[in-house]
Every structure is written in structure tokens, then in C-alpha cells.
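The values are calculated or read from the model by the stated rules, or taken from the named source; none is laboratory data. If you're wondering where the values come from, they're calculated on a predicted model, not measured in any experiment. Please note: Cβ atoms are built from the backbone with ideal geometry, for glycine as well, and neighbour counts cover all protein chains shown. SASA here: full protein model, heavy atoms, side chains in, ligands and nucleic acids out. Shrake-Rupley method; radii C 1.70, N 1.55, O 1.52, S 1.80 Å.
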Amino acid sequence: MTASTTESQALAAPGGHPQRWLVLGVICLAQLTVLLDNTVLSVAIPSLTRELDASTADIQWMINAYSLVQSGLLLTAGNAADRYGRKLMLGSGLVVFGVGSLAAGLAQTSGQLIAARAGMGIGGALLMTTTLAVIVQIFDDGERVKAIALWSTVSSLGFAAGPLIGGVMLDHFWWGAIFLVNIPVAVIGLVAVVALVPESRHKAGDRPDLLGALLSTVGMTALVWAIITGPEHGWTSAQVVVPSLTGAVVLGAFALWELRIEHPMLDMHFFRNRKFVGAVAGAILVAFGMTGSLFLLTQHLQFVLGYGPLDAGLRTAPLALTVVALNLTGLGARLLPRLGTPATIALGMALVAAGLAAIAVLGGRNGYGGMLLGLVVMGAGVALSMPAMANAIMSAIPPEKAGVGAGINGTLAEFGNGLGVAVLGAVLNSRFASLVAVPAASLPAALAAAERPADRGRIADAFASSLQTSQLVGAAAVLAGGLVAALLLRRAERAPGA
């Protein structure tokens, strides 16, 4: 028995690590730091449009650069954490993330900000893999579902607190402050990690697969680039078809490479496990619906309903508050053993889809009430589905590959985030451009060009109609994902030897 195996077994002994709940608080702080930056930019879109002269594509890349770099590196970061130490990678991630936040806060152009966000994505990859991997190592089977539920609660809090914190900062400071606020949090988190988090590693673990990381990042970037530029150039144009084909070919090469090498970044044989595949499908589509919806909603609240950044952030908070309230009461952790994983995920994702549909149908220009209902229903769905899916993914991965498992879970969420912004944003832009009869029109540009109040009202109505279409697309995708995930998980449980 190796020293590393003994160490991992000690951490996962009955009852778990003696300071496991305090350690959970520390790693949740690190997780919160990363997740705030998935959504903090959403309320700064008008400010960035004005002060950096950023186009719609620039804004989408400011958001997607972070998600795409992070998702491309998560599996490699997970392998590195398993091999070299999860505590080491957690501390390193906080340092890199803090430096990237400083660069983003001081950026002077759209290009500089996009580059800084990509750098932050590297730190985020190191953090995202190690937080969940440490939970798997220090909690036993009896407490792991509860611990993952609390981790998921912090994830949801970070998701929706980003617009709120961003709104507060923009009301008092310039847009760069939304990044500089990360620095003290990263410093506090680093001190706590050094003092409290136990080191764990699997010395026989896999070596980092650098070529695999490169192929996955290039492939996903090419696909999302095609989706973002589709409304501007046309879906059959060379500017869209070429990157689409490039992305498909590169991701195909990634899969073949992973099947051939001795130590793959992603063991493709995991996809033979129906439980794993079902949780994978659900995780991508929940992230797709939530992040794409928030990206659109914050623009609707500011551009159409006329709220300021702080007010817009406050009005997205019910989503996170609902998740926090339900998870702190332990609702998801109690329902999971009673309903089973498939039914819990199906119910949760049906509620997410219903919330998106409610926002689409009831959340137009008539006020905020319809949006509030939709956000609360979405929050209930997230509280049920997200912990169940994370637990399903991690339980399908061998414990010695906890970092890889966390990397897979994070990759799916981040890819879903980027895809949600790209796809729903593309649907919105295409519909809006057709309604206002201006190619690739953005709402701020169209409003600025409008000379009469009646024209501005017509443009706002067109944006609201486009928003409704994109939200309904998101709702349909999430509902379909919930049904597929539940079916695969149910079959996996009924399979011999499950």
C-alpha cells in the first residue's frame, strides 16, 4: 500500500476528517470567489459598452473567455491535483486568480480585459477541481451528500450574488472595481487554505495531458466562436462554417487521442456508464439554461425596464436566495434518498424549465412580477437537481480520481455556461435583428439610432419578443435534458450489478 493511498484512506475514514466542516467553509470561500466572476460582468455590460466601446461580440467574449479557458483546463487541473496535491493546487489557483483579477481591474481596452479574463480562467480551473475533490476526500459516504449540497448552495449563491455585488460596486466605483474586490477574498482564502486544508494526493495518479487540454480548448472555442458570430455573418457563411467544422474535427481528435494514450485526461470509458452520462447531460443543460437566462435578463432589466445596475442585480437575487433557503433546510439531501437520483433530477430540471418558461411568457415589458415567479421556480429546481447531479458524477468516478471527477463536473458546468450565453444570445440577436430590420443590431445601438419615442418603444418591444423566444429555447433544452438524464439514470440503476 502506498503512502498516498494510506493518506487518502485516513481522510475518508468513518466520520471523515476531524475538521471537515471548517475545511468545507474554507473551500467554499474559494469556490465563491471563482463563481462570482461567472456572473459579475452581467450588470456591467452597459458600462463596458460605453467606456470601452465594446461590441456585442466583445461582451460575449469577455464572458466566454473566462468560461472557455477554465473548461478547457479543468480536466488537466484535476489530474495535476490528484498527482501533485489538492492543497497545493488550491493555493496556486487562488494566487493565479488574484493576479488575473488585478489585471482585469486595470484593463484599458476590450482586448486587455478579454486576455485578463482568460488568465483568471486558469486560476479558476485550479480552484474548481480541488474544492469538490477535497470534499470527496474528507467526508464519508454518510455526510457527503449533505456536504455537496452545501457546496452547491455556495455555487448558486456565487452565481446570483455576482450581479448584486457588481451592482453595488458600479453604483459607487468604476467598472474595474468588480474585479479588484476579488483580491482581498483571494488573500483570505489563501491564508485559510495554508492553515486548515489537509494535503491529499494519489502518487500513482495520471500525468497531466497537455495535448488533450489544448485540443479540448481549441475545439470548444471554435464551436462557441461560430455560434457567437452566426447572427452577424449568417449561419451558412464561411466565417461560421469553417470554425464549426474545425471545432468538430478537433474535438473528434481529442476523443481519439484520449482513447489511445496510457494516461488520458478524460477516460472515455466513463461514457459507458449510464449513470455518468445521465448526470453529464443534466449538468450541461442546467448550466446552459441558468447562465444564458441571466445573461439576457440583466440586459432586459436595464435596457427595457430601465433599472440601474444595483437594482438589476437585486432583482436577480431571488434565484440564489431560493437555492440557499432550500439547501440550508436540507430539502434536497432529504428528498434524494426518498425519491432516488433519477426522479430528483427529473423534478428539479422540470422546475428549472418551468421557471424559464414563466420568465418568457410573464416577464415581458409589463413588469417584474412574472420574472420573480420564474426566478423562484428556477431556484427550487436548481436546489433539487444540482447536488444530485454532482453526487451522481462523483460516485461514478473512482475515489483516487476525485480531482478528475471534479474536473469533469466543472467542465460540464463551465461548458454549459459558455454555451448558454452563446446559443441564447445568438437566438436573441438573430430574432432582434430580423424584427428591427437592421443586420446584427444590438439593443444599445438600435436605441441610440432611434430618433422618435415611438421608434424606441418599438425597438424595446422587439427586444422583449426576442428575449421571450430565447428563453423558450432554453426551457425546451433544459426539459429535454432532464428527461434524458432521468431515463439514463433509471436504466443504470436497473442494470445488473448496478
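Across the range 256-269, the number of residues qualifying as of a type outside the set (F, W, Y) and open to solvent by 30 Å² or more (accessible area, probe 1.4 Å) comes to 9. Meeting the requirement of 3 or more residues that are outside the structural domain of L336 (by the TED database) and buried (at least 20 other Cβ atoms within 10 Å of the Cβ), the helices (runs of 4 or more DSSP H) wholly within the range 90-190 are 110-138, 141-172. Of all residues in the range 318-335, those satisfying the criterion of being closer than 11 Å to S152 by Cβ and either open to solvent by 20 Å² or more (accessible area, probe 1.4 Å) or among the polar types (S, T, N, Q) (or both) are V324, L326, N327, A333.
Take the range 209-227 and flag every residue that is of a type in the set (G, A, S), under 11 Å from G72 (Cβ atoms) and in contact with a Gly (Cβ under 7 Å, 6 or more places away or on another chain). Walk me through it before giving the result.
Let us first name the residues in the range 209-227 that are of a type in the set (G, A, S), namely 212-213, 216, 219, 222, 226.
From what is left, the residues that are under 11 Å from G72 (Cβ atoms) are 212-213, 216, 219.
Matches in the range 209-227: A213, S216, G219.
A single entry from A343, A350 fulfils the requirement of being of a type in the set (G, A, S) and closer than 22 Å to T291 by Cβ: A350. Checking the structure you have, find out if any residue of the range 4-22 is at pLDDT below 75, more than 16 Å from G119 (Cβ to Cβ) and touching a Lys or Arg at 6+ places or on another chain (Cβ under 6 Å). Yes, some residue in the range 4-22 is at pLDDT below 75, more than 16 Å from G119 (Cβ to Cβ) and touching a Lys or Arg at 6+ places or on another chain (Cβ under 6 Å).
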